[in-house]
Structures are given as structure tokens and as C-alpha cells.
Amino acid sequence: MAFVSPGVPADLVHAVRASFRSAYGRPADVVGRAPGRVNLIGEHTDYNAGLCLPVALPHATCAAVARRDDDRVRIASRQEPRMWEGDLASSGPGHPTEWASYAAGVLWALREAGHAVPGLDIYVDGTVPLGAGLSSSAALECSVAVAVAKLVGLEPSDDVRRELAAACVRAETEVAGAPTGGMDQTVSLLARTDCALLIDFDEHSTRQIELDLEPAGLVLLVTDTRVTHSLNDGGYAARRADCEHAVARLGVASLRQADLVDVEGLADERVRRRARHVVSEIARVELAVRAIEDADWARVGDLFEQSHASMRDDFEISCPELDAAVETAVEAGAVGARMTGGGFGGSSVAVVPQERVEAVARAIDARFAAQGFRAPAHLRAVPSAPAGICAD
Ligand code: GLA
């Protein structure tokens, strides 16, 4: 059974500072740190002006950054073999095209927002599994954003955090070309320990929802199916296009304004199912928040089950590995389980009684082995702190 450790925060900071020094031959000025996320419920709702309920993971990315006195930018990562090098002016929509676009894109977006971003050397390292649907890209963007914000003298108030989230979204959508909706960057910058973050993309507001899992003897178990998910290979954009089609047909401002009766009248069967997922999923987020506030975990489990079925059957973003992880988790004692994130691979999330965690993980491993799937990886999703600057 493989559990992915979040690492010891102080060790990670020490390691990224050491890597920076050996890559660039001088010390870093500042280290920013930003978490990955797991979404509890509310999938593909963010770009539909809907609701979602993510938590920040203890797994995070650290970005060590130092100012240069010219306009060059160098970006290296312990997780990538090649360093990227360019001028501040050479990144922008569509450039660079490789992994470094997520970091270079943030510099571009902050400059676009009017900040005097200097030339920089950047080194990143982290423990958010890559391609697992746990927002390693948002963690990379947000770790760079908080570090650069500190260098240019921005104090991390909630308003500044919202502004940084917006810059990170521009980096992802306009520079990296992944047409995502903003949930990942918002939670990475605005999460709170022991809470889930209710995000309302219509009102552009957030609310902390206390997650009292421990008194209930429950934990969040995330299973990375190791089916690599990608947000810029067409499936995600196709779902977005179907939603836009539904909006145009219904004559509403967004699917947040649509109701299920109207949706059932849509002529195109596929578009109807896509819209049904989004509209019903937004309602499930509201119900889940109420159930969490009432500590009604059985109800949360039912809502997870309905959400998964909706993503599998109506939105069609699940896959055999995700279905197997979800079914097996529930059979082995989880209160509820569902796929999480963009879909087409990635991870599932389950609410599991503390004493059943290892048994559930073992049962999923056995099922994957029996079906000839790659061995999955698991992690404990303790609701953690938002992005910030690391103490020296
Ligand atoms: C990805 C995107 C988010 C969101 C989810 C699905 O994580 O980055 O913006 O759309 O998929 O809920």
C-alpha cells in the first residue's frame, strides 16, 4: 500500500533553498509555498457560475525566488529535467509551451496587472503528485505568485490573495492554455486549516465551512488512480463547450440560473445530460454544506454517491479505474466516495472511518491488481493552510 507523504514543511523549505543555491550559485531571497487541493463536491461548476467545496491538501509546492538585475527569467524544478530560460517580455499567451508556462505565466499576468515584476531566478520543488487531478499546476502558480508578491512588496490581505488567484487563473488559461475555471487557484490562496472553502462563482464570494471530521472519527482518503489526467487535451474544453451550448439554448446568463425542468426540455440529448449534471451538482453542493454543518455524514456520503453517478453517466468524465476506486471504497467501509477534479483519470476522494483507512486502501489496491490496473497511490487529505511565505 503506497501512501504519498506531504513531507515535513521545514525540510522542504531547506531542500528547495539548497537546490536553488546549487542551480544558481547564490541564495534565494524568499520561498513561497502553496498547497494542492481536493474538491469535496461541486465538479465542473466553477466555469458555470456555480458552487464548489474544495479543501487544501498538506501536500504543497515551494518556489524559491531571487531577484535579478536584468530582465532574464530562469525557472528550474526538481520534478523536471530541463531549466527554462527567457526574457520577461518573451512570455505571454501561448509562450512558453512547456511546464514552465505555469510559472512564467504568473509573471506575465502580474505584469499585466500593473506590478513591477523584475527579472527572476526560480526553483520549485514539491510533494503534490503530478497529473493526479490534485492541482499541482495551481500549487506551482500560487507558490510563485506569493513569492513574487512578497518581492514586490504586496501584503497578503484577502483582497491581494484574490488578485493573485486571478493572475494565476490568467496564467493557466491564457499562457498554459488549459481552459479551467478558477477553483484550484482560489482554494490554494484562500483555504483555512480544518475547513473546506465554499466558493460561489456567481457572487465571487467564499465562505469557510468547518470540517469536524476528527470528532466523528472520520478522515478524507484520496486515491490517485495513476491514470494521468490532463486539462488541455480536449475533453475538458469539450465539456465546457457543451455547457456553453446549453446556456445559449436556454437563454440564461449561466447554468447557475437554469433549473432542471428547463434543462429536461433541451433537444440535444448529450447537451441535456451535461447541463443536468451541472445544475444538479450545484444543488448537491448546497445540500452537502448543510449536511456537513449538521455533522450528518451519512447524508454527505449519499451526496457523494449521487455526484459520482452524475459525473459517470451524465457528464461522462469518469473512467474504469475511478469507478473501481469509488465502488471499492464504499464496499470496504467508506461513508461515501466520488471522483474528484477535472476527470478523465486523476483521483477519487472518500470519507472513511479512521480505523478503516488502511483496509479501504488495501481493498482498492487488490481490486486494481485483479483488474490489471496500475497500482494506485493514496494520501490522507488533512484540510490544510493556504499559500504563504515560508519562514527562513
Ligand atoms: C479542474 C479545473 C477546475 C475545475 C475542475 C472540475 O480541476 O482546474 O477549474 O473546473 O477541474 O471541477
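The values are calculated or read from the model by the stated rules, or taken from the named source; none is laboratory data. Note that the coordinates shown come from a computational prediction; the quantities given were computed from them, not determined experimentally. FYI the Cβ positions are ideal-geometry reconstructions off the backbone, even for glycines, and counts take in every protein chain you see. Accessible surface is based on the protein model in full, side chains and every heavy atom, while ligands, DNA and RNA are left aside. Shrake-Rupley method; radii C 1.70, N 1.55, O 1.52, S 1.80 Å.
Rounded to the nearest 500, the 222 nm mean residue ellipticity of the chain from helices alone is -12500 deg cm²/dmol, with -39,500 (n - 2.57) taken per DSSP H run of at least 4 residues.
Amide hydrogen proximity for G336: with H placed 1.01 Å from N in the peptide plane, the residues at 5 or more positions away or on another chain lying under 5 Å are V351. Averaged over its residues, the chain has an accessible area of 39 Å² per residue, based on protein heavy atoms and a 1.4 Å probe.
Ordered by packing density, taken as the mean number of other Cβ atoms within 10 Å over each peptide's residues, highest first, how do 241-249, 102-110 rank?
102-110, 241-249
Packing-based ranking of 165-176, 370-381 yields 165-176, 370-381, ordered from highest to lowest mean Cβ neighbour count within 10 Å. Taking the chain as a Gaussian network, where each spring joins two C-alpha atoms under 10 Å apart, which residue of L250, L303, L164 fluctuates the most? Among L250, L303, L164, the largest GNM mean-square fluctuation belongs to L250. Note on the chain: with a GNM built from Cα contacts shorter than 10 Å, the maximum mean-square fluctuation among P93, P35, P215 falls on P215. Projecting the Cα atoms of A325, G181, L154 onto the charge dipole of the chain (Cβ charges, centred on the Cα centre) puts L154 farthest toward the positive pole. Within a Cβ distance under 11 Å of P54, other residues only, what is the Lys/Arg minus Asp/Glu net charge? Charge balance near P54 sits at -2. Carbon and sulfur: what percent of the chain's accessible surface (1.4 Å probe)? Answer for the chain is 48 percent, counting heavy atoms of protein chains only.
Net charge near L211, counting Lys/Arg +1 and Asp/Glu -1 over other residues with Cβ under 11 Å of its Cβ? That works out to -4. The Cβ shell under 9 Å around W99 holds other residues with a net charge of -1, Lys and Arg each +1, Asp and Glu each -1. Subtracting the Cα-Cα distance of E210 and D71 from 0.36 nm times their residue separation leaves 45.6 nm of extension gain. Between amide H atoms placed 1.01 Å from N, distances below 5 Å from S77 occur with V124, all of them 5 or more places distant or on a separate chain.
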